[in-house]
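This report concerns only the one structure given below.
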Amino acid sequence: MLRQRTRVYTAPRHDSIPLAPTIITTMAPRSSHLRSLRRLGLILVTGKGGVGKTTVSTALARRLAEDGARVLLLEMDPRESAHRLLGLPPSGGEVLECGEGLYFQNLQPRRVIDRLVRERIRIGPIVRKVQASPIYEHFVAGCPGLEELVILGAALEQLEPPHARTTPFQVVVLDAPATGHGLALLAAPRLVSEVIEQGPFGRLAGELATFIGNPERCGVVAVTHAQDLAVQETLELCRSLEAEHGRRAELIVANGLYPALTSDASSSSPTARIWSQRRAANLQALERLAAAPAPVLQLPLLPIDDGPRLAAELARAL
Ligand SMILES: Nc1ncnc2c1ncn2[C@@H]1O[C@H](COP(=O)(O)OP(=O)(O)OP(=O)(O)O)[C@@H](O)[C@H]1O
Ligand SMILES: [Mg+2]
């Protein structure tokens, strides 16, 4: 049984709301969750839409890099937002260095597939002809599991580069899509390798299935809001992980918790009352979340705009 530990994190002050210091509660010894995440190669961060997956992925990558790991934050969302949290311009698909040990890449499967075709065929006019053909378009858009394999293959290549001259990353934090699609990432290699056993595609799928299936190399972090629906989805995610993949999430991050108000402010204004109600709802949802078979780490809602300061503060709170 995990014992509950608490520690105090002093969040930056909100302009108009008098906040008490935030008590960060984890169901694991302090920093042990980070140590166990650091031992993994690939950390897949998933959760319901809008709960803070990109923000938490960025803070986590930053924190692991601050702790001395060589970390790649991999974003696969074409809307690109992680660069803002790192204070960078959009990466355009390149690996960018953004601090001691911390690197970032926005990786879009389509771009990777196009690059692979260019590298394989090499003759410009033929490449253009292939890429303009409707068959190629249908294959890339419709081939089940292709996008997932491309992303996971790129992550594995960064952890175990095929060329000795490339320095491997110790950790890749993958800002994965929302829950259903996030789980598809885990399932794709095994499903594809069962159907296609031969050829480069079958071999890649087999290699990735072994890698993903190894809990020492690949782990899942589930991000949630401490709200009814999000908690429900997180508990279902945990059930699917166990039933379909025989694994547990390494960590659940309950993000965006309303911090406590100072005792004299609790009922003094309508804003403070709404704030207190939301916090009470958070605490209730956290009680439900305690049934999840994974340690739960709480992160406060911070009065800071999307940007490097938000990622830095959350990294500090992790
Ligand atoms: N702890 C926090 N404190 C303050 N703001 C936060 C916190 N976590 C996330 N946010 C803000 O919430 C918004 C949504 O966060 P984010 O983009 O990380 O969610 P997401 O789960 O990646 O969304 P999507 O499903 O659309 O990819 C952003 O504006 C972000 O700045
Ligand atoms: Mg996101």
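What the Cα atoms of segment 211-272 give is an Rg and a Dmax of 17.3, 55 Å. Our estimate of slack between Ala132 and Gln198, defined as 0.36 nm per intervening residue step minus the Cα-Cα distance, is 21.0 nm.
The 3J(HN,Hα) values that the Karplus relation (6.51, -1.76, 1.60; θ = phi - 60°) gives for segment 109-115 are, in residue order, x, 4, 4, 5, 5, 4, 5 Hz. Gly and Pro appear as x.
The alpha carbons of segment 191-318 stretch over 69, 32, 21 Å along the principal axes, in descending order.
The shape of segment 54-206 can be summarised by an equivalent ellipsoid whose semi-axes, obtained from the alpha carbon gyration tensor, come to 27, 18, 16 Å from longest to shortest.
In this Cβ point-charge picture (+1 for Lys and Arg, -1 for Asp and Glu), the chain has a dipole of about 440 debye about its Cα centre. Entry note, the chain: the mean residue ellipticity at 222 nm calculated from DSSP H runs of n ≥ 4, each adding -39500 (n - 2.57), is -15000 deg cm²/dmol after division by the residues and rounding to the nearest 500.
Note down the relative contact order for segment 5-317 as a percent, whole number, built from C-alpha pairs under 8 angstrom at least six residues apart. Computed over segment 5-317, the figure is 28 percent.
Angle of helix 308-317 to the longest C-alpha principal axis of the chain, folded into 0 to 90 degrees and rounded to 10: 70°. Residues whose amide H comes within less than 5 Å of that of Cys98, counting only those at least five positions distant or on another chain, are Tyr103, Phe104 (H built at 1.01 Å from N in the peptide plane). Using only Cα positions of segment 123-266, each an equal point scatterer, no hydration layer, compute I(q)/I(0) via Debye at q = 0.09, 0.12, 0.19 Å⁻¹ and quote the log10 values to two decimals. Here the Debye-derived log intensity ratios amount to -0.41, -0.65, -1.21. For Ala294, no residue 5 or more places off, or on another chain, has a built amide H under 5 Å of its own. In the chain, the convex hull through the Cα atoms has an average projected area of 18.0 nm², a quarter of its surface area.
Please compute the length gained on full extension between Glu80 and Ala243, using 0.36 nm multiplied by the number of residues separating them and subtracting their Cα-Cα distance.
Contour length minus the Cα-Cα distance gives 55.4 nm.
Among Pro109, Pro125, Pro189, the largest mean-square fluctuation in a Gaussian network model of the chain, built with springs joining Cα atoms closer than 10 Å, belongs to Pro125. The charge dipole of segment 93-238, taken about its Cα centre with unit charges on the Cβ of Lys, Arg, Asp and Glu (plus for the first two, minus for the last two), comes to roughly 840 debye. Largest GNM mean-square fluctuation across Ile304, Ile123, Ile196, computed for the chain with C-alpha springs under 10 Å, falls on Ile123.
Compared with the dominant principal axis of the Cα atoms in the chain, helix 53-66 is inclined by about 90°.
Taking each pair of distinct Cα atoms in segment 170-243 once, what is the resulting Kirkwood hydrodynamic radius in Å?
It is 13.7 Å.
For the chain, the longest principal axis of the Cα atoms and the long axis of helix 228-245 meet at an angle of about 40 degrees. Rg then Dmax, both in Å and based on the Cα atoms of segment 41-83: 10.6, 30.
Bear in mind these aren't lab numbers, they're just calculated from the coordinates by the rules spelled out. The structure displayed is predicted, hence computed values, not measured ones. Virtual Cβ from ideal backbone geometry, glycine too; neighbours counted across all protein chains shown.
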